[in-house]
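Step one of this worksheet: look at the structure below.
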Amino acid sequence: MALVNIQNLTYKYPLTKTPALQNINLQIEQGEFISVIGANGAGKSTLCYALAGFVPHFFKGEISGEIEVDGVASSKSTLDEWVVNVGLAFQNPFNQISGAKYTVFEEIAFGLENAGVPREQMQSRVEEAMKLTGISNLADRSPYSLSGGQQQRVALTSILVMQPKLLVLDEPTSQMDPIGTREVFSVIHNLTQSGMTVVMVEHKVEWIAHFATRVIALKDGSILTEGKPGDVLTSDVLTKNGFGVSRYTSVAREAKKQGLWKKEKLPVTLFEAAEGFNRNA
Amino acid sequence: MHERLSFYIKRDSVIHRLNPLTKLVLVFAFIGVAFTFPWYWMSLSLFLFVLIPLAFVAKVSREYFFTATRLILPAAGFLFLMQALFQPIGEEIIFQFYFLDATRESLAFAFTIAARIIVMISAFTLLLLTTHPSELMSDLTRRGLPGQFAYVIISTLQILPQMQAKAQTIIAAQRSRGLDTESTFLKRAGSVLPLVGPLVFGSLVEVEERAIAIEARGFTSKKEKTSLHEVPDTVTDKTIRWVLIILIILSISLNLWL
Amino acid sequence: MLDKIKSNFNTQTWVLIPIAIAINLVVGQIVLTLKLPVFLDSIGTVLVAVLCGPWAGALTGALSNTIAGIALDPGWFPWWPVAAMIGYMAGRMAEWGFFKSWWKVVVTGFVIALTAVIVSTPIAVYLFGGITASGSSFITAYLLQTGQGIWQAVASTSFITEPVDKITTAMLAFAIILGLPKRTVGGYPKAANAEAEGADRNQLYIAIGVVVLLVLFAAFLLRNILGG
Ligand SMILES: Nc1ncnc2c1ncn2[C@@H]1O[C@H](COP(=O)(O)OP(=O)(O)O)[C@@H](O)[C@H]1O
Ligand SMILES: [Mg+2]
């Protein structure tokens, strides 16, 4: 059985007329790394909130259809029960600092304290999670004294330490420089390698092509297309609907028109492009 | 401002090791006795013979005297002057200053009030110097204070310096655009909105996202919360607390009785 | 009762309170730098009271003074009941529908000011013999010298300073809520209490006019008392 099962989900925020999500159907298997793309206002964040339980439990509004994670329906659960199974991290690292703690170590333990985890377990779980994300050296720093990339990793660790079944990440690298992006992606890659299921909103197509197992393209609250990164990210549907594509895809598409790109499939990453052109020669 | 929000000095002393609640009760005992004990010299004696020695025992005498000279004495001194000159009590005028005069009674009253204020602030200062805010809050939470209170207190202590820094930036920016704190009343009044607006709107818009972030970490969980740090509470602590409570009751009863 | 108190608090309330306290203190300091004849140190308290309810407002006021006592100046401590009652009254007025248009907000401001006078007078009299460490004590001292009773002197002093301050505070809080996106306001427990029903420009001008008249009135009172 799929870990996540969304059926005919339609959702409207309070005080709005058009639904932010329309008739979404989606199954996610354990261990998948799903990347969600779409223009501003397409409903990516709303989908994240729906997976994480905040739609509708926090935002209220009108909902129809059903979201199930691990066999439990969101409509039959409360937010505080739901967040134990689904972790959410998002764009702005600064707003994710709880503010209730003075050190990174305490900050990461915040969720465990709330969940009533015994002290002895807490210590080792925090240490383990920090090792996983490579921030053990920050343990005694104030969360406010860190760089954006470090804060984002602290936010990620604070969620991971709660051992969710599904990790939902809404543009976690969008305020990050290339180094920060690399750090975040390498952490998430390691996680998926060890079996974590991840849904991540992300614009950096080359990174997606490299790591994701499936891409979902949203438009106006509906799923436009989905499939393997190599197929979706190079498809004509995307270009026709105004999605940004990788520059290597654009170059190869142009090259193909002039007969310079011989392969059937277009590239997304530099590596694929180089390989493809190399084969031509 | 930054350093003043975390008074705490990390040292190892008997006072540091006391349970935070014991220290809190101690503060209230100081205040209770200073304000109610019916003996004129009580507050001054508490200050000289109990509070100052305590500062040494707690190994924070340097920091305490620093706070005292910078904060406590100026405040108490100002209050003393105001009371001595403005209180319209007493007959025997000691000296006069325009329509203001200081009498024997008003000086005595001023002294009482100033001494009480010194005791009150000194006691709080010693508590803050020897107790980490999160230690105090975890102990109180463990004893049944709702966890949200700990969140509110510590979060405020961390947000305040950030807001102050932001305000300084905005004021500096407005100054370079011609804001003058010496200009006409209307101009100064008109500059309130451009100064306050960005500060207030910016932080209010963030509330929703920050609420989501802490809910994602079980802020509203109905489970009984645990705490990362263990705050020790010994038999000595319990004894001290009872003794102090009896002391407070005694002082209040003496005051009512006499 | 307990349910009523609880209805004031959701997660957004708990996140808002620290921000509101910081707004109180920082705006208070800015106004001090600008040397304006008002305090404006309870805008945050009124915001919480209106958006979340009277109990949340009271808590914000009380904590605001406690934390100001720790962080800025211990002189704040004794006044926490005043701040708490300001928050409570602002929330009550909002529940009674008095935070929906400019003139109603002026009424709310005035009621908050009266509350402040009533609660602060006994504290000033019992704790400080009427003379607090604030600048307005000069007026009290003068009134005392002219032979007025202590209660009367203290109460009239704060009656000169409070209304302008609290009406301005309430109006600024209202302006802030009007300026926020609807969906930012919507998540608070008592957002409906702040739904503006007739907040047009003309009303704003009338309200500002009322405040100006009050300032003049206070100045007039001051001259009469001090001159007489
Ligand atoms: N809290 C909210 N209240 C009302 N409408 C909202 C809210 N959040 C988002 N929306 C609307 O829902 C739609 C989808 O938004 P969102 O999921 O944030 O898009 P994306 O993350 O893809 O940019 C947009 O039209 C947006 O204006
Ligand atoms: Mg988004």
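The values are calculated or read from the model by the stated rules, or taken from the named source; none is laboratory data. Not measured: the values here are computed from a predicted model. As a convention, Cβ positions derive from the backbone with ideal geometry for all residues, glycine included, and neighbour counts pool all protein chains shown. Each accessible area value is taken on the protein alone, full model and side chains, heavy atoms only, with ligands, DNA and RNA left out. Shrake-Rupley method; radii C 1.70, N 1.55, O 1.52, S 1.80 Å.
A few notes on this one:
- Restricting the trypsin sites (Lys or Arg not before Pro) of region B:57-110 to loop positions (DSSP other than H, G, I, E, B) with no more than 13 neighbouring Cβ atoms within 10 Å leaves nothing.
- Rounded to 5, the percent of DSSP beta bridges in region A:4-245 classed as antiparallel: 50
- Residue mean of other protein chain beta carbons inside 10 Å, B:222-232: 5
- For region B:166-246, projected area of the alpha-carbon convex hull averaged over all directions, nm²: 12.0
- When both region C:115-167 and region A:152-169 are represented by their alpha-carbon centers, they are found 55 Å apart.
- Using a Förster distance of 60 Å, the FRET efficiency for A:Asn137-B:Leu186 (Cβ separation, nearest 0.05): 0.65
- Only protein atoms count toward the accessible area here, which uses a 1.4 Å probe; on region C:2-227, the carbon and sulfur part of that area reaches 68 percent.
- The angle between the Cα long axis of helix A:119-133 and the main principal axis of chain A comes to about 20°, on a 0 to 90 degree scale.
- All aspartates and glutamates inside 19 Å of B:Lys238 as judged from Cα atoms, apart from same-chain residues fewer than 8 positions distant: B:Glu135, B:Asp139, B:Glu230
- Candidates B:Leu179, A:Gly149, A:Val117 compared by Cα position along the dipole of the protein assembly as shown: farthest toward the positive end lies B:Leu179, with charges placed on Cβ.
- Reduction of at least 10 Å² in accessible surface, 1.4 Å probe, comparing all protein chains with the chain by itself, residues of region A:15-39: A:Leu15
- Rg in Å to one decimal, and Dmax rounded to a whole Å, for chain A via C-alpha atoms: 19.9, 66
- Pairwise centroid distance, computed over Cα atoms, of region A:45-110 with region C:174-228, Å: 38
- Residues whose placed amide H lies under 5 Å from that of A:Leu224, excluding near-sequence neighbours: A:Ala217, A:Leu218, A:Lys219
- Per-residue [θ]222 nm for the protein assembly as shown (sum of -39500 (n - 2.57) over DSSP H runs n ≥ 4, rounded to 500): -19000 deg cm²/dmol
- Proximal charge balance of C:Gly97 [Cβ under 9 Å; K/R count +1, D/E count -1]: 0
- Summed side-chain charge close to C:Gly187 - residues other than C:Gly187 whose Cβ falls under 13 Å, Lys, Arg +1, Asp, Glu -1: +1
- Peptide C:75-83 is shielded by partner chain Cβ atoms: per residue, an average of 1 of them sit within 10 Å of its Cβ.
- DSSP finds beta bridges in the protein assembly as shown, and of those with both partners inside it, around 55 percent are antiparallel.
- Dipole size of region A:163-280 about its Cα centre, with +1 on Lys/Arg Cβ and -1 on Asp/Glu Cβ: approximately 480 debye, rounded to the nearest 20.
- Neighbouring Cβ atoms from other chains, within 10 Å of the Cβ of residues in B:102-113, number 1 on average.
- Normalised size of the protein assembly as shown, defined as Cα radius of gyration per 2.2 N^0.38 Å with N residues, equals 1.11.
- Here is what passes the span test in chain C: the DSSP H helices with alpha carbon length of 24 Å or more along the helix axis and a Kyte-Doolittle mean of -0.5 or above are C:11-33, C:54-71, C:102-128, C:150-179, C:201-227.
- Protection proxy ranking for C:192-198, B:107-113, using the average of other Cβ atoms within 10 Å per residue and placing the highest first: B:107-113, C:192-198.
- Accessible area per residue in Å² at 1.4 Å probe, computed on the protein assembly as shown: 45
- Basic side chains Lys and Arg get +1 at the Cβ, acidic Asp and Glu get -1 at the Cβ, and with that the dipole of the protein assembly as shown about its Cα centre reaches some 740 debye.
- In terms of packing, defined here as the mean over residues of other Cβ atoms within 10 angstrom, the peptides C:56-65, B:74-83 line up highest first as C:56-65, B:74-83.
- Loop chymotrypsin sites (Phe, Trp or Tyr not before Pro), region C:144-200 (other Cβ atoms within 10 Å of the site Cβ: 12 or fewer; DSSP): none
- Total lysine pairs under 28 Å (Cα atoms) in chain C, excluding pairs fewer than 8 apart on one chain: 20
- Taking amide H atoms as placed 1.01 Å from N in the peptide plane, the amide H of A:Leu21 lies under 5 Å from those of A:Tyr11, each 5 or more residues away in sequence or on another chain.
- Here the scattering of chain B is modelled by Debye summation over its C-alpha atoms, one equal scatterer each and no solvent; at q = 0.14, 0.15 Å⁻¹ the log10 of I(q)/I(0) is -1.13, -1.17.
- Region B:117-139 and region A:219-279: distance between their alpha carbon centers, rounded to Å: 64
- Local electrostatic count, A:Ser74, Cβ distance below 12 Å [Lys/Arg +1, Asp/Glu -1]: -3
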